[in-house]
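Here's the structure, in structure tokens; my notes come after.
The values are calculated or read from the model by the stated rules, or taken from the named source; none is laboratory data. Bear in mind the structure is a predicted one, so any value in this text is a computation, not a measurement. Here the Cβ positions follow ideal geometry from the backbone for every residue, glycine too, while neighbour counts run over all protein chains shown. Accessible surface areas use protein heavy atoms only, side chains included; no ligands, DNA or RNA. Shrake-Rupley method; radii C 1.70, N 1.55, O 1.52, S 1.80 Å.
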Amino acid sequence: MITRREFGTVTLAGVALPRFLEAPIDSKVAGVRLGAQTYSFRDMPRPAGASDAVDVVIKALTDSGLSECELLGEHLEPQFAAGRGRRGAPPSPEAVTAREDLRKWRLETPLDHFRNVRRKFDAAGITIHAYCYNMNSSFTDAELDRGFEIARALGTDVVTASTTLDVARRLAPIADKHKITVGMHGHSNVSDPNELATPDSFAAVMKLSKYFKVNLDIGHFTAANYDPVAYIREHHASITNLHLKDRKKNQGDNLPWGLGDTPIREVLQLLKRERWPIPADIEYEYRGRGTPVEEVAKCFAYAKQALA
């Protein structure tokens, strides 16, 4: 007996069977939408001369068996040499130039470029359910606005962002103009009132725009000593997607799944039981022994077992 992936390359009488005979990937399990934040593949090298990591990411998702993703913006962008500066020192001239080059690329790259990226994902049977565009205080208003245009060109109506309350205030009228949802990603820094980490900070940011929701990272939420199961149960209608990882409480480390305190199984079972269509994205951040694809596949297997 052969697998469907082997079936795609097997030959009969020396003629390879066409790929269209292979069944499409579907990573929905027990009704739960499982995918990946493509940050999981951040350490995978780009081919020599490649201007982006799109082909690398598509192959990694396919090899991991995942049919959905939250696409990290950096995977679409060229890598501009920024030089190495000293911690705490002003940015080097090289870093300033690199930042200006990146801004220029974002603002001037035709939107058809991103539509072509979407077509590549469509051809691979992979859905981009969110575009991760991490915005900070260095972004101009035009650069903030451009993220929404890129998201729409990629075929999604959800932008996710690691950002701050200060930047979110600037972003609110832009989200209102585009009528695109922004999933605010939280970390575990509960000591900085400008950070998004606590239930109160999420409530505050959602008051700024009806298009602001929460991209809940259940690992960071656990590390900050909050209960993701209770939060999801109460606020599920305001959650764009989840990041799945396993951290210890009290600002503990990222660990291989099953070794931390994050209630991954309970969260997935809640989605299954309530039939909430919230994408649950694997975000591989612990120090694994395998390749990123191997580790993401392990996490996918863990999630499938948790949903059994």
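Data table
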read-out	value
Accessible area in square angstrom per residue, the chain, 1.4 angstrom probe	49
Calculated over the range 176-226: convex hull of Cα atoms, volume per residue (Å³)	64
For the range 206-299, Kirkwood radius (reciprocal of mean inverse C-alpha pair distance, Å)	13.8
Set of lysines with alpha-carbon distance to Lys120 below 20 Å, sequence-local pairs under 8 removed	Lys59
Anchor Lys28: lysines whose Cα lies under 17 Å away (excluding residues fewer than 8 positions away in-chain)	Lys272, Lys298, Lys304
Highest-MSF residue in the chain out of Asp145, Asp192, Asp52 [GNM, Cα springs under 10 Å]	Asp192
Cα-based reach from Lys104 at 23 Å (exclusive), listing lysines while leaving out same-chain residues under 8 positions away	Lys177
Simple Cβ-charge dipole of the chain, Lys/Arg +1 and Asp/Glu -1, about Cα centre, in debye nearest 20	340
Kirkwood Rh, Cα atoms: Rg over Rh of the range 69-163	1.01
Radius of gyration, Dmax [the range 241-280; alpha carbons; angstrom]	11.1, 31
Sequence-distant residues sharing a close amide H with Lys213 (under 5 Å, placed H)	Val182, Gly183, Met184
Packing rank of 162-171, 36-45, where each peptide gets the mean count of other beta carbons within 10 Å, highest leading	36-45, 162-171
Descending Cα extents along the principal axes, the chain, whole Å	64, 44, 39
Debye log10 I(q)/I(0) at q = 0.15, 0.18 Å⁻¹ for the range 130-229, Cα point scatterers	-0.55, -0.77
Euclidean distance between Cα centres, the range 131-159 to the range 273-308, Å	26
Helix-derived mean residue ellipticity, 222 nm - over the chain, DSSP H n ≥ 4, -39500 (n - 2.57), to 500	-12000 deg cm²/dmol
